[in-house]
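Below: the structure, in structure tokens.
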Amino acid sequence: MERRVIQVGLLGFGTVGRGVAEIVSRHQNELEHQVGGPISIKSALVKDLQKERGEWNERIQLTADPADVIEDPEIDIIIEVMGGIEETKLLLEKALSHKKHIVTANKDLMAEYGSSLLQQAAEHGCDVYYEASVAGGIPILRTITEGLAADRITKMMGIVNGTTNYILTKMSKEKLAYTDVLKEAQRLGFAESDPTADVEGLDAARKMAILATLGFSAPVQLADVAVKGISGISGVDLEFCEQLGYTMKLIGIAQRDEGRLEVSVEPTLLPSSHPLANVQNEYNAVFVHGEAVGETMFYGPGAGSLPTATAVVSDLVSITKNVKRKVNGFAQHLPLYPATLKTEEEMQSQFFIRLHVEDRTGTFARVTSLFANHDVSFEKLIQLPLENKMLAEVVIITHLTSRAVYKQLINELETMDVIERVASSYRVEGGNA
Ligand code: NAP
Ligand code: HSE
């Protein structure tokens, strides 16, 4: 590329968009050195032109008309940081038809339409990069597709949502209430515009679908990911975790065993000495296990304006280097394998089960014989009286069993006459099973 200004258009000028503008301005010298010319953000699409925005670089023209950005012949690269799926996909398809390269931080879009957009980009000789869509400031997609390209990845496990990690950290360490901490996560710019996607695990599930697709070279869809969020976790659950030496985290796991895949996101108890148990606040961390390399771990801020913007601007640098080398349109990773999923009989885990039981003779024998009938043994068990003197609380950590057996156990526990209710149950990872 000749030494000319690289013109960028933003779709979105919120938390991440403004972070991008700040990085481009603050690190202009270093960026220019790498890409061979100055980078200029020409315009930014917003929804509400009247919104109070404080100070920003007023050379960036704000517009509410997408055509001003995606059809501008001077703009080389579009950075999509507005969110949304259907409408955004149409805008990006249009941008590709205008031969714009794309950077996006949008996991909702990439989990749903990533392969179609990458295909269209290849047809137009354009790039689509999406590093910021998974784990914010951690360069995990590059790590998987480039750094570990020589290896065969068998497992990826981690914390890939900043909002829920922030909430669980504050609930466990500072005993704060779920709703108050969620509001704080929104104020800090970690949460999605509709935080349901964060707290119900959907945001993390989309990220795990993207990671599994790239890591296993298989087309893993969002529907292939088993999802459970954190909204049902109570302070009592967290206290029992602590008492038993565990920490609760929203953990994504993508595992491959003999070509069969298991991808899930759910609240999980980890031994408190586990490295992931010590990832606090909005930080994310991902373990990647490769057959040859063994265990690797990547850690960093998973959300927030500047960390996310760093990933976005790094993608911009990659695209610009591709332009220089004339290799745009080759960023697509076509899957090598089918996404064949494991059955629930094949998925093995330990489980935490908290029961409210009748506090009378014989109850315990009934509960233990049910577990014995399913060949599930206990690793840990505690019983405490509840305020209602007729009931007791029983907390069990099982040894390894299949998810199918665990589900069957829960069904049977729910219908046992000596059990008032199954108060909660969660996966347990990294124990001594
Ligand atoms: P945000 O603060 O809500 O900003 C969204 C921006 O897009 C705003 O400027 C908004 O305009 C504009 N916008 C939204 N819908 C629009 C529409 N239909 N037409 C025109 N403009 C529209 O969101 P964000 O936190 O920056 O997140 C942006 C994207 O990055 C999302 O895909 C998110 O999942 C992803 N992401 C975010 C983070 C993070 O930490 N925040 C991290 C990684 C990835 P107004 O300013 O007028 O409202
Ligand atoms: N809402 C997301 C999170 C933003 O909390 O992780 C980063 O993708």
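Things to note:
- The listed residue being in contact (Cβ under 8 Å) with a residue 24 or more places away in the chain, open to solvent by 30 Å² or more (accessible area, probe 1.4 Å) and over 23 Å from the mean Cα position of the chain (by Cα), out of V236, V227, V317, V327: V236
- Residue identified as part of a loop (DSSP other than H, G, I, E, B) and hydrophobic (A, V, I, L, M, F, W, C) among A331, A309: A331
- Looking across the stretch 278-296, just one residue is in contact with a Leu (Cβ under 7 Å, 6 or more places away or on another chain) and assigned to a loop (DSSP other than H, G, I, E, B), and that is V293.
- Just one residue in the set F364, F378, F352, F371 is at pLDDT below 95 and surrounded by 12 or more Cβ atoms within 10 Å (Cβ to Cβ); that residue is F364.
- Subset of the stretch 366-388 [out of contact with any helix residue (DSSP H, G or I) (no Cβ under 9 Å at 6 or more places or on another chain) and in contact (Cβ under 8 Å) with a residue 24 or more places away in the chain]: R366, E379, P385, L386
Yes/no per residue for (1) surrounded by fewer than 17 Cβ atoms within 10 Å (Cβ to Cβ); (2) away from ligand 2 (no atom under 16 Å from the Cβ); (3) closer than 26 Å to E71 by Cβ:
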site	(1), (2), (3)
G9	no, yes, yes
G14	no, no, yes
E32	yes, yes, no
V46	no, yes, yes
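- If the condition is being surrounded by fewer than 24 Cβ atoms within 10 Å (Cβ to Cβ), assigned to a loop (DSSP other than H, G, I, E, B) and more than 6 Å from ligand 2 (Cβ to nearest atom), then the stretch 189-203 contributes G189, S193, D194, P195, E200.
- A212 being closer than 23 Å to L270 by Cα, part of a helix (DSSP H, G or I) and of a type in the set (A, V, I, L, M, F, W, C): yes
- Residue check, A185 within 16 Å of ligand 1 (Cβ to nearest atom), open to solvent by less than 10 Å² (accessible area, probe 1.4 Å) and out of contact with any strand residue (DSSP E or B) (no Cβ under 9 Å at 6 or more places or on another chain): yes
- The residues listed here are G19, G37; of these, the one that is within 22 Å of Q186 (Cβ to Cβ) and open to solvent by less than 40 Å² (accessible area, probe 1.4 Å) is G19.
The values are calculated or read from the model by the stated rules, or taken from the named source; none is laboratory data. The model shown is predicted, which means the values in this text are computed figures rather than measured ones. With ideal geometry, Cβ positions are generated from the backbone for all residues, glycine too; neighbour counts draw on all protein chains shown. Ligands, DNA and RNA are excluded from the accessible area calculation, which covers all protein heavy atoms including side chains. Shrake-Rupley method; radii C 1.70, N 1.55, O 1.52, S 1.80 Å.
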